[in-house]
Amino acid sequence: MSDLRPHQIKAKTRCTKITYISVHNLVGYLVFLTSKSLWPLWQDFVASIILLYWSYPIFEEFDYLEFFAGVGNLTSQARACGYKVARFDILDNKRPQTRKSNFMDLTSRSGFALAILCLLRCRIGDFAAHFAIKCSSLCQMNAGTSKRGACCSIGYTEYLSVQISNILVERTCLLILLCTALGGVWTVEQPLGSVLEFYPVWRNMMANIFGTGGIYAVAKVKWWMRHYGSQTPKRHYGYSNSGVVMRLDLGKLYATQRPPRSQRIRTADVYVDRSGTKRYKGNKNLRSTEIYPMRFARALVDLLEEMKRTAKGMPQLPDVVPAALECFNEWPSDEQIGSYPFARVSQVFNYLRGNRKLKIPPEWRGSIPGMFPE
């Protein structure tokens, strides 16, 4: 027994259904946060959460969620350590032609709804989520196409690739807010050249978490992936609502730790276009740098228990939880998506509103709208 980790000693195989009072508290809590302008969760997002409660059973089931999982080294390490894990990646499901939505695609209606549902099924106050947001449109190498930069992180929105990336960023920000409200710890990872941290919705989300959790509610860390066995040095940065994440930084990368010049792997090809401008294009070696080394995955998993204990940012529940229906009815009728222009949460609400399993309580039927404008 002494060789087991603390979370393995506890029995975690039993799924305990959340009591009615917990569900009431959570829904009332989320509605209260948004209706009182403490957090901009917006009515259509909270209404989508409420519809999920009325459509599917909510169990405290998961310990860890990995979004944009890719190969899934982080998922495999977490499972090996005894955590109950769910992973999300668009490659995990190929949408049949008979379906309009891919449930593993966060830009789809069913995909975002499933992500919210899995967060609701985590162990409240005792879970973690990792978000490795797709960076292809956010990195410096793509700046010539996306037109992104520190001063224009939204990019050139006429391009479909830029629109998709913006949807992923804004929906991820909403998931992070929900994760924080549920008392979980979250981590976000990006390559160093990513402009994610300059995106307006990201900065708005950070401001709200800092507003409720204090100036130390979120920590930023940078590290060299070479320290964890990567074939390339590759600098990364990450954010988390636990300062324990700072331990991922193993210090400076010295010249002796870099591979010899003859053995360095080139991840981009350089060429000169017709106008004489030097251009860079990622090659086949670039994709392999997206895979987390096993040593990095294990290092992050080993920090989880302490990170969960030190998670910050969750707004305090008031002594008397306001009635969710009362707060919902007090919402201004013109309250829309506001500072989340690409999230399109109203599409998710309208998708859930037509769910055959939806059972709206009688007292709510006059308050829940039939549709939100898209």
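I'm told LEU65 meets every condition in (1) over 28 Å from VAL301 (Cβ atoms); (2) modelled with pLDDT of 90 or more except one. Can you identify the failing condition by its number?
Going through (1) over 28 Å from VAL301 (Cβ atoms); (2) modelled with pLDDT of 90 or more one by one, LEU65 breaks only (1).
Of all residues in segment 230-262, how many are farther than 26 Å from ASN142 by Cα, free of Cβ contacts under 8 Å to residues at least 60 places away in the same chain and assigned to a helix (DSSP H, G or I)?
7
Quick one: count up the residues across segment 288-339 that are within 26 Å of the chain's Cα centre (by Cα) and either under 17 Å from VAL46 (Cα atoms) or modelled with pLDDT of 90 or more (or both).
Of the residues in that region, 31 qualify.
Does SER275 count as among the hydroxyl-bearing types (Ser, Thr, Tyr), closer than 27 Å to ASP105 by Cβ and in a loop (DSSP other than H, G, I, E, B)?
Details: among the hydroxyl-bearing types (Ser, Thr, Tyr): yes; closer than 27 Å to ASP105 by Cβ: no; in a loop (DSSP other than H, G, I, E, B): yes.
Answer is no for this residue.
Which numbered condition trips up SER240, out of (1) modelled with pLDDT of 95 or more; (2) surrounded by fewer than 18 Cβ atoms within 10 Å (Cβ to Cβ)?
With (1) modelled with pLDDT of 95 or more; (2) surrounded by fewer than 18 Cβ atoms within 10 Å (Cβ to Cβ) applied to SER240, the lone miss is (2).
Would you mind telling me which numbered condition in (1) farther than 19 Å from GLY313 by Cα; (2) modelled with pLDDT of 95 or more; (3) surrounded by 15 or more Cβ atoms within 10 Å (Cβ to Cβ) LYS222 fails?
Going through the list (1) farther than 19 Å from GLY313 by Cα; (2) modelled with pLDDT of 95 or more; (3) surrounded by 15 or more Cβ atoms within 10 Å (Cβ to Cβ), LYS222 breaks only (3).
Go through segment 67-104 and give me each residue that's over 16 Å from GLU305 (Cα atoms), within 19 Å of the chain's Cα centre (by Cα) and touching a residue at least 24 places away in the same chain (Cβ under 8 Å).
Hits for segment 67-104 are PHE67, PHE68, ALA69, GLY70, VAL71, ASN73, SER76, ALA86, PHE88.
Of ALA311, ALA255, which residue is of a type in the set (A, V, I, L, M, F, W, C) and exposed (fewer than 12 other Cβ atoms within 10 Å of the Cβ)?
Details: ALA311 fails: exposed (fewer than 12 other Cβ atoms within 10 Å of the Cβ).
Every option except ALA255 fails the conditions.
Specify the residue that is modelled with the highest pLDDT; the eligible residues are those in segment 206-219 that are of a type outside the set (A, V, I, L, M, F, W, C) and part of a loop (DSSP other than H, G, I, E, B).
Initial filter on segment 206-219 (of a type outside the set (A, V, I, L, M, F, W, C)): 208, 211-214, 216.
Okay, now just the ones that are also part of a loop (DSSP other than H, G, I, E, B), so 214, 216.
Working: GLY214: 87, TYR216: 91.
Among those residues, the one meeting the criterion is TYR216.
Output the residue which, of all residues in segment 52-79 that are in contact with a strand residue (DSSP E or B) (Cβ under 6 Å, 6 or more places away or on another chain) and in a loop (DSSP other than H, G, I, E, B), is surrounded by the most Cβ atoms within 10 Å (Cβ to Cβ).
Taking segment 52-79 as the starting set, the residues that turn out to be in contact with a strand residue (DSSP E or B) (Cβ under 6 Å, 6 or more places away or on another chain) are 59-60, 62, 64-67, 69, 72, 74-75, 78-79.
Cutting the leftovers down to in a loop (DSSP other than H, G, I, E, B) gives us 69, 72.
On the way: ALA69: 23, GLY72: 19.
Checked segment 52-79; the qualifying residue surrounded by the most Cβ atoms within 10 Å (Cβ to Cβ) is ALA69.
The values are calculated or read from the model by the stated rules, or taken from the named source; none is laboratory data. Quantities reported herein were computed from a predicted structural model and do not represent experimental measurements. Quick reminder, even Gly has a Cβ in these numbers, built from the backbone with ideal geometry, and neighbours come from all protein chains shown.
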